[in-house]
Amino acid sequence: MKHISILGSTGSIGTQTLDVVRSNGDIQVEAIAAGTNIDLLERQIREFHPRLCGVWDETRAKELAVRVADTDTKIAAGMDGLLAVAAEGSSELLVTAIVGMIGIRPTIAAMEAGKDIALANKETLVTAGHLIMPLAKERHVRILPVDSEHSAIFQCLNGESGNKIEKILLTASGGPFRGKTKKELEHVTVEDALKHPNWSMGKKITIDSATMVNKGLEVLEAKWLFDVELDEIQVVVQPKSIIHSMVQFTDGAVMAQLGTPDMKLPIQYALYYPERRPMAGDRLDFWSMKEIVFEAPDMENFRGLSLAFQAGRAGGSVPTVLNAANEWAVAKFLNRELSFLEITDMIERAMGHHKKIEHPSLKQILETEAETYDWLESCRRN
């Protein structure tokens, strides 16, 4: 029996993780956490019987505690609740499916408690990779990637210990606006941007995919996960999301992981690694596929990707500004307070304003996030 905890159990990755739990029958969910969706949390508590449930919103936490008073599940609130879920004593692995930099402190808490991390919270490595990777080594914990692209790279590297990577080929679908010009993107609506051609994801990551910021964040995550330089990462657009990513070795050989666009595969692989479990679902039909198309990314009309490379090369606290400004701008876009193209405009402005901290501590990372939000809000007011 495996024992896991889940941060972000009501989101896309969290609910699909629980689908994997249902399908296998030998995983005990010890703790769960989410933001405000207490209706779904209550259903999850009654189905999976976790010892502990964390709720970010303290008012909702009190309401949930009343609702589930007939169960044995303890309710905890706020950041203290997330930290308690992360370090829950019976769990051996934490699935970090929560969105945003809010995931950094709980991830560190879980690692300090000796728990492996199934990482779906890319912001943790984007902003604090220089802290997270040494801590993983020090605590002898594994970081198992859940993002489909990073899972693909991880799978391609199995059995290749000691063989040098020449290049990581990180694939991208191109999002819903692939091939469009900046002029055509001027009047994009929220509804347009939420129509991803291949993947069913949460709103924030779907918008990030449309701007290509998501692929930029994945580049920065890959740098830390696989200990490579940015110049050793190449983004390749593969519109059908059949090839999830590739690795090129120094002899020129390229290893690729292919599959249908189903997030349950990388989730299950992370939960059971190194074992591969049977999984129901569609399989690739090579006879109907006919061809696989590759394209270069359009970094002129979709500047999110180029801004991420810029932030990564600057290093220090600049990736934190990139990430914080993007979170702020996407929230404003979803609330119809910014246009689609203004998302990357605001990221660029925030990066240009920031004075870099070379080796930021966790405290400085969180302060940089808050300062970025405050500065962007002041820009809007003025």
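When the test is whether a residue is at pLDDT below 90, touching a strand residue (DSSP E or B) at 6+ places or on another chain (Cβ under 9 Å), more than 30 Å from Ser317 (Cβ to Cβ) and not β-branched (Val, Ile, Thr), Asn198 does not pass it.
For the range 188-207, taking the residues that are under 14 Å from the mean Cα position of the chain (by Cα) and among the β-branched types (Val, Ile, Thr), the one that is farthest from Gly14 (Cα to Cα) is identified as Ile207. Residues of the range 263-284 that are crowded, with 17+ Cβ neighbours inside 10 Å and either over 22 Å from Ile117 (Cα atoms) or small (Gly, Ala, Ser) (or both): Ala270 alone.
For the range 252-262, filtering for residues that are modelled with pLDDT of 95 or more and either in contact with a helix residue (DSSP H, G or I) (Cβ under 9 Å, 6 or more places away or on another chain) or open to solvent by 50 Å² or more (accessible area, probe 1.4 Å) (or both) leaves 5.
Taking the conditions exactly as written (open to solvent by 10 Å² or more (accessible area, probe 1.4 Å), touching a residue at least 60 places away in the same chain (Cβ under 8 Å) and touching a His at 6+ places or on another chain (Cβ under 8 Å)), does Glu149 satisfy them or not?
So Glu149 passes the test.
Picking from residues in the range 356-382 that are of a type outside the set (A, V, I, L, M, F, W, C) and not in a helix (DSSP H, G or I), the one that is least open to solvent (accessible area, probe 1.4 Å) is Pro360. The residues on offer are Gly100, Gly162, Gly129, and the sole one that is out of contact with any strand residue (DSSP E or B) (no Cβ under 9 Å at 6 or more places or on another chain), in contact (Cβ under 8 Å) with a residue 60 or more places away in the chain and at positive phi is Gly100. Here the condition is being within 16 Å of Gly174 (Cβ to Cβ) and among the basic types (Lys, Arg); of Arg336, Arg303, it holds for Arg303 alone. Among the residues of the range 69-105, which ones are open to solvent by 30 Å² or more (accessible area, probe 1.4 Å) and not hydrophobic (A, V, I, L, M, F, W, C)? Result: Asp70, Thr71, Asp72, Lys74, Asp80, Gly89, Ser90, Glu92, Arg105.
So which residues in the range 161-204 are closer than 21 Å to Leu265 by Cβ and in contact with a Phe, Trp or Tyr (Cβ under 7 Å, 6 or more places away or on another chain)? Hit for the range 161-204 is Ile168, nothing else. With respect to Glu58, determine if the residue is more than 17 Å from Ile102 (Cα to Cα) and either buried (at least 22 other Cβ atoms within 10 Å of the Cβ) or of a type in the set (Asp, Glu) (or both). No; evaluated as a whole, the condition is false for this residue. Checking the stated criteria, Glu47 turns out to be under 26 Å from Arg276 (Cα atoms) and of a type in the set (D, E, K, R).
Taking the range 125-143 as the range and being in contact with a Pro (Cβ under 9 Å, 6 or more places away or on another chain) and either open to solvent by less than 10 Å² (accessible area, probe 1.4 Å) or under 24 Å from Gln16 (Cα atoms) (or both) as the test, the residues that pass are Val126, Thr127, Ala128, Gly129.
Within the range 296-303, can one find any residue that is under 24 Å from Leu376 (Cβ atoms), open to solvent by less than 40 Å² (accessible area, probe 1.4 Å) and at pLDDT 95 or above? Among the residues of the range 296-303, not one is under 24 Å from Leu376 (Cβ atoms), open to solvent by less than 40 Å² (accessible area, probe 1.4 Å) and at pLDDT 95 or above, which makes the answer no.
The values are calculated or read from the model by the stated rules, or taken from the named source; none is laboratory data. Because the structure is a prediction, the values reported are computed rather than measured. All Cβ positions, glycine included, derive from the backbone under ideal geometry; neighbour counts span all protein chains shown. Accessible surface is based on the protein model in full, side chains and every heavy atom, while ligands, DNA and RNA are left aside. Shrake-Rupley method; radii C 1.70, N 1.55, O 1.52, S 1.80 Å.
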